[in-house]
1. Compute the signed sum of charges (Lys and Arg +1, Asp and Glu -1) over the other residues within less than 11 Å, Cβ to Cβ, of residue 392.
2. How would you order 129-137, 477-485 from highest to lowest mean count of nearby Cβ atoms within 10 Å?
3. Using the Kirkwood radius over Cα pairs, work out the Stokes-Einstein diffusion coefficient for the range 227-346 at 25 °C and 0.890 mPa s, in µm²/s as a whole number.
4. Subtract the Cα-Cα distance of residue 300 and residue 494 from 0.36 nm times their separation in residues, and report this length gain in nm to one decimal.
5. What number, rounded to the nearest 500 deg cm²/dmol, is the helix-based mean residue ellipticity at 222 nm of the chain, given -39500 (n - 2.57) per DSSP H run of at least four residues and division by all its residues?
6. With labels modelled as points extended 7 Å from the Cα through the Cβ direction, what inter-label distance (nm, one decimal) is found for residue 133 paired with residue 291?
7. Order these peptides, 23-36, 153-166, by their mean beta-carbon neighbour count within 10 angstrom, highest first.
8. With both bridge residues required to lie in the chain, what share of the DSSP beta bridges run antiparallel, to the nearest 5%?
Amino acid sequence: MHHRDFSIHPNSGIANKGKFLALTEDGTTSPLGDKTGIDHLKELGVTHVHILPSYDYNSVDETQLPSNQYNWGYDPYNYNAPEGSYSTNPSDPSTRVAEMKEMVKSLHDAGIGVIMDVVYNHTAQNDDSNFSLTAPGYYYRHRNDGSYSDASGCGNETASERQQMRDYIVNSVKYWAEEYHIDGFRFDLMAIHDTTTMNEVAKTLKEVNPNIFVYGEGWTAGDSPLPVSQRALKDNVSAMPQIAVFSDDIRDAIKGHYTDASDRGFATGKPGLEETVKIGIVGATQHPQVDYSKGNNSKKAYALSPRQVVNYVSCHDDLTLTDKLAKSLPDDDEQARQRAAKLAQTIVFTSQGTPFMFAGEEVFRDKKGVHNSYKSPDSINAIDWNLKHENADLFNYYKELIKLRKTHPAFRMSTAEDVAKNLVFDKTDDKSNLISYSLKNNANGDSWKEIKVVFNGSNDPQYIKVPKADWLVVAEDGQLDAEGLGTSRGGRLMVAPRSALILAREK
């Protein structure tokens, strides 16, 4: 989530719109009476919020805040001070510090962890940056002709393999963890950094708090002089046991490729993506029933454990899920597209690994089709809280999906061995857009002995055979209830078009 997006809309009911303090306000509602702000997060049930860059960035002039400038904040200026435009008084340095800490404490009091988006891979300025003014040339990588190398796509890239730069990154995240009690860090374009630095980051942070979560984008935006073998790439995550990476495998396989707005995925009826979705389901770990040679983005099991993988269908980058579905399913009505959204997120939230979602998707938020809204106005980026009322069914589905995952540890196995042993795929006779599997043996200490999970991404009903037993129906035909919708005796069951069927039995 972005601070401004979350609270700036006139109907948010929040007084400190666009500020750190927005997340300290209890009891806020939309004009239609639905919970907003931090109460909305509590109602939804998320465990953490990943907040877009909150350090002091370059593009917003803090002396001209009435001009309502907007930016995501991926243009670092001062890494170890909070961004002034999110404080109520940018001219007083202590205000931004106190208010950011109040925000973190408020979220902690609500049982929600805070993850900070960090961008150590480049700076907003080149020759005039604080690094360049400290030691010209030292903190950056350069091409043979002396020009700045640019794996960030933003004009420069930092040189994490140099000791002072490595120390700076490690000391900076340690400072945020100790002083602001930050619970995790998401590294922008993490593969610009070297694996040694990232391992040092994880080691140092785990000494502050063993539960700190470190993850990042396992790719670059361009080539780099840093050898590929040393880059903190997705393919090299096995060399970083305490770091996780985003799964572009499951992202593109579920909804269609991010570069082509009209491209469809498994959840929107495109055939041939079943094996790539399975890579996501097993958290990119080695599994005897997954054929990695058929994977679209990866040809090998790259994760040592599912803890190293973050599954998602969309984030602030590229089209929101709502906009992607509008572009790839132009002939469908909104109700049909919401069925696809439910199926897409059900795959994400029942897969092994860590599920991640874009704030506002639970109310079917869109960004008017703008894919790179990094400096678009509030009219594009703000979450319209009236959507929560209009899409109450979708919101309730998300809420129940999160509750299901939190209640049942079978969806959260922590070792590759457990996943290989307890997650068993069923034969589906190579039917298109159909995946069926079981979580067996009271996996990971679950109270349910077996959970049957079936995904039908096609526009037609499909049929599966389920062993005769007393099954609890958890999800069926676009509806989901973590406590159960009803019961089934098994046998030959229909899976409705574009939906998930989830069944569970205790014996």
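1. -2
2. 477-485, 129-137
3. The estimated diffusion coefficient comes to 165 µm²/s.
4. 66.5 nm
5. Calculated from helices alone, the mean residue ellipticity at 222 nm is -8000 deg cm²/dmol.
6. About 5.9 nm separates the two model spin labels.
7. The peptides rank, most packed first, as 153-166, 23-36.
8. Taking every DSSP beta bridge within the chain, about 65 percent pair in antiparallel fashion.
Every number here is computed from the coordinates shown, using simple stated rules; none is lab data. Keep in mind it's a predicted model, so treat the numbers as computed, not measured. Reconstructed Cβ throughout: ideal geometry from the backbone, glycine too, with neighbour counts over all protein chains shown.
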